[in-house]
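Encoded as structure tokens, the structure appears first; notes follow it.
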2 protein chains.
Amino acid sequence: MRGPPVPGRAAQGRTLRRVTGTRPPAPEGERPAGGARERRARPAYDPSSLVEVAAQVFNERGYDATSMEDLSAAAGITKSSFYHHVRGKEALLRAALERALDGLFGILDEPAASTGTPLTRLRHIVRRQVEVLAAELPHVTLLLRLRGNTETERWALERRREFDAAITRLVRDAQTAGELRTGSDPAVDARLLSGLVNSLVEWYRPGRMPVDALASEVDRMAFEGLRAHVPAGEARPS
Amino acid sequence: MRGPPVPGRAAQGRTLRRVTGTRPPAPEGERPAGGARERRARPAYDPSSLVEVAAQVFNERGYDATSMEDLSAAAGITKSSFYHHVRGKEALLRAALERALDGLFGILDEPAASTGTPLTRLRHIVRRQVEVLAAELPHVTLLLRLRGNTETERWALERRREFDAAITRLVRDAQTAGELRTGSDPAVDARLLSGLVNSLVEWYRPGRMPVDALASEVDRMAFEGLRAHVPAGEARPS
DNA sequence: GTCTATAATCAGATAGAC
DNA sequence: GTCTATCTGATTATAGAC
């Protein structure tokens, strides 16, 4: 907990927020039978849903600031009931990170990721990266905010570096092929590109705008820039 | 602490890393007199240095995962001695965030921030933002990773939103003036631009490349894009 | 499957000797 | 100014009743 020792929890600066957001309904058979529970809209209890709930709370509060009490409250059950479903805090983290990494590495396995010129492939990967990021928003967000404190975090960071390395190779190839700007270090350009894409998790929320529109704007900015383009033949604004 | 209860601290997954990185030398008179201390390169004890050390450790481990023990160890003294210099964990956080915010808002007060066309002003601000980010790297990094758990964090987030709003207004003005691309929401473009700039804290380290070179690459990417530009008159690659 | 109660440990912060 | 020793409360995790 934070701040000086204060009697009541309400006196602390920390705000208890509840996870909102829609979630896929759990299989009916998995629901607890005696629906005597009176809490507000409570998430289902199947493992996959619990991971998603946990990822949401981790992102809102930060992994370290999140207590098992916070997680169980978000799931609508007590802490010890929560432990009945989950091995521990770090197991939840790992499951969420695996989902994010599976999504990202899945992109590299797609046929379009190895078809065409380097730039064509790169643009496909960027577009798909935006889509995976939107589809797995809480899990990817979690992945991008890791500090590397635990063994699980370091494992995920290592896999993330492998993904980034694939992007860097592709940027280098595209520059060599004359499809990307010259005069800059491809490793730097790859980091700028990844930074741009990854920064979406800080503000994009589903429903804010269609995912394919977002992907198009990111693609345009990354490769053509924000500046207005003058029609061919006209003079460039000084 | 993390993981199941284990006897020894060494058995935990957490790695104790020491703050490296160079620091401006403290005024000689501020150093403790009897240099009997035998630890490795230890930072000075003046308040400003302690804030910088704290910001570094906060960034490495995350604010919540950082204990006062971690901070005092990084400073080379015991926890209770550390408390002699500092009011508490949150006071350190606030001091670091103030430094970051002062740097950023200082940019908006510069004459060049309100001289010329919207695009000229925007480009100046972006360049200066990269420079401030590099000069105040640990403090700005901390600012960009806030979750809003405490009152201090929420205060800083609110000020950061004000800064972002200024950028958004400028992007809108530049688009209206025909200097930026059309067909996209200026609020989205502003977020993409800020996301690109802010993502630097995730990888840029002083000494990796000169700051002005970095600023130029960011400027070029943001406004012209990564794609190779064909000389005027030639056909655009399909 | 869920609960109350509690164990074991670690956090931020302080007291008081030197 | 620094230290050892300690307080208070929160944290992860478990025991065992229902």
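The values are calculated or read from the model by the stated rules, or taken from the named source; none is laboratory data. All figures in this text were calculated on a predicted structure; none of them were measured in a lab. Heads up, the Cβs are rebuilt from the backbone with ideal geometry, glycines too, and the neighbour counts pull from every protein chain shown.
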Exercise for the section: Could you grab me the full set of residues in the stretch B:183-208 that are at the interface with another protein chain (Cβ under 7 Å from one of its Cβ atoms), more than 15 Å from B:Q129 (Cα to Cα) and over 16 Å from the mean Cα position of the chain (by Cα)? Expected result: B:S184, B:V188, B:D189
Problem - Residue that is modelled with pLDDT under 95 and among the aliphatic types (A, V, I, L, M), where the choices are B:A235, B:A215 - result: B:A235
Fill in the blank from the handout: All-but-one check, A:A75 against (1) farther than 25 Å from A:V132 by Cβ; (2) more than 11 Å from DNA strand C (Cβ to nearest atom); (3) surrounded by 14 or more Cβ atoms within 10 Å (Cβ to Cβ), failing number (2)
Practice task
Give A:E98, A:E60 a once-over and let me know the one that is within 23 Å of the chain's Cα centre (by Cα), away from DNA strand D (no atom under 16 Å from the Cβ), under 19 Å from A:L143 (Cβ atoms) and assigned to a helix (DSSP H, G or I).
Solution key: A:E98
Practice task
Please determine, by comparing only the residues of the stretch B:79-89 that are within 14 Å of chain A (Cβ to nearest Cβ) and more than 6 Å from DNA strand C (Cβ to nearest atom), which one is surrounded by the fewest Cβ atoms within 10 Å (Cβ to Cβ).
Solution key: B:R87
Practice task
Evaluate the following for B:A55: is it modelled with pLDDT of 95 or more and away from DNA strand C (no atom under 15 Å from the Cβ)?
Solution key: no
Practice task
Find the residue count for the stretch A:150-181, including only residues that are buried (at least 17 other Cβ atoms within 10 Å of the Cβ), of a type outside the set (D, E, K, R), within 12 Å of chain B (Cβ to nearest Cβ) and over 20 Å from A:D219 (Cα atoms).
Solution key: 2
Exercise for the section: For the stretch B:105-128, indicate whether the set of residues that are within 14 Å of DNA strand D (Cβ to nearest atom), within 13 Å of chain A (Cβ to nearest Cβ) and either buried (at least 19 other Cβ atoms within 10 Å of the Cβ) or assigned to a helix (DSSP H, G or I) (or both) is non-empty. Expected result: no
